[in-house]
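Taken together, the values in this text are just the output of simple stated rules run on the coordinates, not laboratory data. Everything numeric in this text was worked out from a predicted model, so none of it was measured. When we count neighbours, we look across all protein chains shown, and the Cβ atoms used for this are built from the backbone with ideal geometry, even at glycine.
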Amino acid sequence: MGRSKVTTAEQYEKLCDMMATKRDIAQGFQKPPKEEVQEFWEEVARNLNALGPPTKDSNTWRKVWIDWKCYMKRKLSHNKKERMSTGGGPCHLQRLSPLEESGARDYGDSVEVEELAETTEMDISARSDDIPSTSRANSQNREVRADKESTSSLLKQQIQNQKEFYAETKKFNEAAFGKVEEVTTYLRHMNRSLETLAETAVKQLEEQKRHNRIKEELVQEKVEIKMQMLRLDPSMHCSPPQVISLPLLIPC
C-alpha cells in the first residue's frame, strides 16, 4: 500500500472511464453474476493501482466509487435546496467539476440529471449576470466559514468521544485495580495464616521432642535404679518363687 491515501484526479478519471464500460455495475444494478462483478473490480484495482499511489484492494476501490457518487449527489441535493429556498435572493450553489457533471449525466437517475441541468442553467445565468465581485467574495467567505465550522464541529465531536473513551477506560482500570487490591489483601491474610500454622506446627513438634526426651530419660533412670538394686541384692535375681500351702478342707 502507498503512503498517500488520497485518490488522485487521474485515478478518478480512469475510474469513471472504466465504469462507463459497465453502466449496470456503475449504477448499482447487479445484473451480471457475482463472479463477473468481482472480476471487474479486480481489473479496476489493477488499473488504478498502476496510477498510484495510493493503492487499494478491489473492495476499497468499490467503496471509493460509492463515496464519490454520494458526494456528487449531496452537491446536487444542496443545489436543489438552494434553488427552492432563495425566494429571489442570491443562490449559493456548489460548483460541480467537469468530471462530476459527466458522472451525474452518465450514472445518475433522471431526477439527478434534471437537477444537474437546472444547476448548470442557473450557474450559466449567474455568471452571465453582472454580479458584484464583493457578493461572490462574500459567498466564498461564507462557504469557507461553513467548511471551517463543519471541521470544527467534527473535531469537537471526536475530542468528546475520546474523552468519554478515556473516562470509561479510567473507570474500568480503577475497578480492576480495586479487585487486584482485594485479591492482594486476601492473599496477604492467607499468607499470615499459613505462617502462623507453620509456627504452631514447629512449636508442637519441638514440644513433642522435648516430651520424648524426658520420657526416655525417665525410662533410663528406672533401668539404672533396677540395675543398682540387683547389684546390691543378688538374691532378688535368683531366689525361687515361694509356694504358699493352703489347708485342705474336707466336707462333713
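Neighbouring Cβ atoms within 10 Å as the yardstick, rank ARG23, ARG83 fewest first.
The order, fewest Cβ neighbours first, is ARG23, ARG83.
Under a point-charge model restricted to the Cβ atoms of Lys and Arg (+1) and Asp and Glu (-1), what is the dipole moment magnitude of segment 3-58 relative to its Cα centre, in debye to the nearest 20?
Dipole size: approximately 220 debye.
Treat the count of other C-beta atoms within 10 Å as a stand-in for reagent exposure and order MET19, MET229 from fewest to most.
MET229, MET19
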